[in-house]
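The values are calculated or read from the model by the stated rules, or taken from the named source; none is laboratory data. None of the values given here were measured: they were computed from a predicted structure. Note: ideal-geometry Cβ built from the backbone for every residue, glycine included; neighbour counts use all protein chains shown. Heads up: the accessible areas ignore ligands, DNA and RNA and are worked out on the full protein's heavy atoms, side chains in. Shrake-Rupley method; radii C 1.70, N 1.55, O 1.52, S 1.80 Å.
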Amino acid sequence: MRTRRHLRFLYSSLLMLCMLSPSHLARGQRVTMLEILNADLTAYDVHIGKDARKLVGNVRLKHEDVVMTCDSAYFYPATSSVDAFSRVRVQQGDTLTLTSDLAHYDGTLRLARVRKNVKLVNKDYTLLTDSLNYNRVAGIAYYMGGGELTQADSKLTSGRGRFILDTEIFYFMDSVVIVDPEYTISTDSMKYDSRNEISYFSGPTEITNEERYIYCENGWYDMKKDISYVRDHAYLEEEGRTLRGDTLYYESEAGFGRANSHVELIDTAENMILKGNYGLYYSDKDYAMITDSALMIQVDGLDTMYVHADTLQSLQNPDIEEQSRILRAYYQVKIYRADMQVMCDSLVYMEADSAFDFYGEPVLWSEENQLTADHIKVYMADQKLNRMELSGVAFVASQKDSASFDQMRGKEMTGYFIDNKLVKILVKGNGQTIYYATDEDVIVGANKTVCTDLIIHLKNNKISKVVYTSQPDGIYYPLSMFPDAESRLSDFKWLEQWRPRSWEDVFFWK
């Protein structure tokens with residue numbers, strides 16, 4: 001990554017700057033003297049200091065393998081100090097060049113100061129600043145008043161920069177910006193550990209490119225391993241999706257991501273929100289998982305659907321080439337929608353078919369009707385309920401009063417919806433019914449019938465008519481003569497106490 005090369009360059013450049021003093025006094029090393037190679041005019045000048053020498057015209061100085069040129073300079077032998085003026089140029093081998101208008105080195109304080117139009121070039125890297133200091137006692141190099149580091153089309157700017165020699169750690173502060181054709185990073189401050197090649201962000205940070213936007217207020221990036229970790233109001237925006245979490249962790253090479261605490265994935269294209277406290281993502285497999293108070297919200301105005309389960313999974317359908325999702329929810333699933341509620345142990349939603357499969361003793365409530373079966377499948381069309389299929393022991397019940405229930409039982413059932421209201425149910429195989437007759441909303445009797453196949457018609461989600469399509473065998477009882485033992489079909493169970501009445505109720509199981 002170019003940012004890594006930027007920081008490596010700045011480290012090597014500042015390290016070389018440490019060697020540019022007229023008297024190179026590394027800790028514990030012998031003093032080496034500055035050599036005057038040339039000056040058109042050399043003179044002692046007591047006005048600038050005792051034993052001070054003034055060098056004028058084509059000044060060339062050498063210290064070890066470093067050569068300095070300038071228009072003029074003051075040299076102070078007693079303190080091994082030098083002031084260089086006008087067109088100052090320092091050359092380190094064939095790779096590093098430093099130019100400025102002014103330069104000063106204090107041999108006593110071991111402090112180098114380079115000022116005005118400072119330009120540091122190493123191969124194809126350039127650092128521009130107006131003020132660059134190096135304190136050899138503290139082992140710290142720093143620039144103030146703004147700096148700009150460039151390489152090809154990439155540029156890093158900051159108000160201040162600091163480098164600690166012993167630990168090889170950089171600090172960039174005040175409006176740090178990295179601009180590259182592939183990305184842009186803006187942060188308040190950044191710490192860079194050059195030995196481990198890890199950058200640490202502090203303060204509001206934005207990372208953008210053509211595909212994604214990342215915001216955080218704290219975090220780090222491992223350039224060697226291409227791993228990032230961001231936290232504090234962290235979120236990521238990409239292709240119409242927004243991912244939030246207290247912490248976000250991502251391994252680019254593995255295509256693996258992890259989110260912790262207050263996790264939220266918003267998909268504006270699908271009008272879907274996933275929430276939880278722990279999430280995983282695998283980009284290669286196009287797989288996402290969320291758990292710990294997991295909640296899916298399918299936004300559709302008053303028909304918004306809420307799905308809660310122990311674990312939610314979203315993955316690409318392997319049987320379809322084009323983009324098509326599969327949603328899985330398992331363990332203690334509950335669903336709330338204004339016109340439908342569900343409780344089951346697991347579900348699968350196939351985007352290609354717009355179909356929900358409910359498993360594990362599923363219960364579906366539609367207005368006044370409770371539907372149970374071994375397996376329930378619900379088909380959607382344009383985000384509306386369209387059709388449902390019940391298999392195994394299929395059962396429909398609705399409460400007439402505190403003790404009386406209309407009941408329909410069969411081997412298979414198919415229900416049809418219009419405008420999200422259940423209007424018809426086909427019962428095929430082993431059909432049985434208990435249907436209470438009313439007179440001005442008062443129950444007057446009960447019909448108990450056995451018929452292989454039948455059709456139930458509903459109006460306003462209430463049974464309005466039952467059509468027996470094969471030879472029925474039934475008995476009508478006046479209500480006072482209807483035996484209690486006959487009032488329940490086999491497998492009847494009334495589960496209203498577990499029905500979610502609001503979206504918050506999906507988090508309560510039994």
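For this structure, a couple of remarks:
- Residues that are surrounded by fewer than 17 Cβ atoms within 10 Å (Cβ to Cβ) and of a type in the set (Lys, Arg) were ranked within segment 48-88; the one that is modelled with the lowest pLDDT is LYS50.
- Any hit, segment 498-507, residues being surrounded by 14 or more Cβ atoms within 10 Å (Cβ to Cβ), among the β-branched types (Val, Ile, Thr) and assigned to a helix (DSSP H, G or I): yes
- From the list ASP174, ASP166, the lone residue that is part of a strand (DSSP E or B) and open to solvent by 60 Å² or more (accessible area, probe 1.4 Å) is ASP174.
- Residue in segment 260-272 that is nearest to ARG325 (Cα to Cα), counting only those that are under 13 Å from the mean Cα position of the chain (by Cα), surrounded by 15 or more Cβ atoms within 10 Å (Cβ to Cβ) and of a type outside the set (S, T, N, Q): ASP267
- As a summary of the residue check, GLN471 satisfies the conditions (1) among the polar types (S, T, N, Q); (2) open to solvent by less than 70 Å² (accessible area, probe 1.4 Å); (3) not in a strand (DSSP E or B) except for the one numbered (2).
- In segment 407-426, residue most open to solvent (accessible area, probe 1.4 Å) [restricted to those that are assigned to a strand (DSSP E or B) and either over 26 Å from ASP473 (Cβ atoms) or touching a helix residue (DSSP H, G or I) at 6+ places or on another chain (Cβ under 6 Å) (or both)]: ILE418
- Residue check, ARG2 of a type in the set (Lys, Arg), under 53 Å from the mean Cα position of the chain (by Cα) and modelled with pLDDT of 90 or more: no
- Tallying residues that are closer than 18 Å to ILE198 by Cβ and polar (S, T, N, Q) within segment 159-180 yields 1.
- Hey, ASP357 surrounded by fewer than 21 Cβ atoms within 10 Å (Cβ to Cβ) and over 26 Å from the mean Cα position of the chain (by Cα) or not: yes
- Sub-6 Å Cβ pairs linking a first residue in segment 92-107 that is free of Cβ contacts under 8 Å to residues at least 40 places away in the same chain and within 16 Å of VAL59 (Cα to Cα) to a second residue that is open to solvent by less than 20 Å² (accessible area, probe 1.4 Å) and assigned to a strand (DSSP E or B), at least 6 apart or interchain, are SER100/VAL88; SER100/VAL114; SER100/VAL118; ALA103/ALA84; ALA103/VAL88; ALA103/VAL114, ordered by first then second residue.
- Restricted to segment 10-47, and to residues there that are farther than 15 Å from SER80 by Cβ and at pLDDT 80 or above, the residue that is surrounded by the most Cβ atoms within 10 Å (Cβ to Cβ) is ALA39.
- Within segment 264-286, the set of residues being in contact with an Asp or Glu (Cβ under 8 Å, 6 or more places away or on another chain) and more than 19 Å from GLU351 (Cα to Cα) comprises LYS275, GLY276, ASN277, TYR278.
- Residue list for segment 196-227, filter: open to solvent by 40 Å² or more (accessible area, probe 1.4 Å), out of contact with any Ser or Thr (no Cβ under 8 Å at 6 or more places or on another chain) and at pLDDT below 90: ASN196, GLU210, GLU211, ARG212, TYR213, LYS224, LYS225
- Residues in segment 177-221 that are among the acidic types (Asp, Glu), part of a loop (DSSP other than H, G, I, E, B) and closer than 23 Å to TYR125 by Cα: GLU182, GLU197.
To keep it simple, each residue is scored yes or no on (1) open to solvent by 30 Å² or more (accessible area, probe 1.4 Å); (2) among the polar types (S, T, N, Q); (3) within 17 Å of the chain's Cα centre (by Cα); (4) closer than 22 Å to MET380 by Cβ.
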{"position": "ILE297", "(1), (2), (3), (4)": "no, no, no, yes"}
{"position": "LEU302", "(1), (2), (3), (4)": "yes, no, no, yes"}
{"position": "TYR306", "(1), (2), (3), (4)": "yes, no, no, yes"}
{"position": "GLN316", "(1), (2), (3), (4)": "yes, yes, no, yes"}
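- Residues that are among the small types (Gly, Ala, Ser), within 20 Å of TYR282 (Cβ to Cβ) and surrounded by fewer than 16 Cβ atoms within 10 Å (Cβ to Cβ) within segment 318-350 comprise just one, SER324.
- Flag if ASP292 is of a type in the set (Asp, Glu), open to solvent by 50 Å² or more (accessible area, probe 1.4 Å) and within 14 Å of PHE507 (Cα to Cα): yes
- Residue count, segment 241-259 (criterion: at pLDDT below 90, assigned to a strand (DSSP E or B) and open to solvent by 60 Å² or more (accessible area, probe 1.4 Å)): 2
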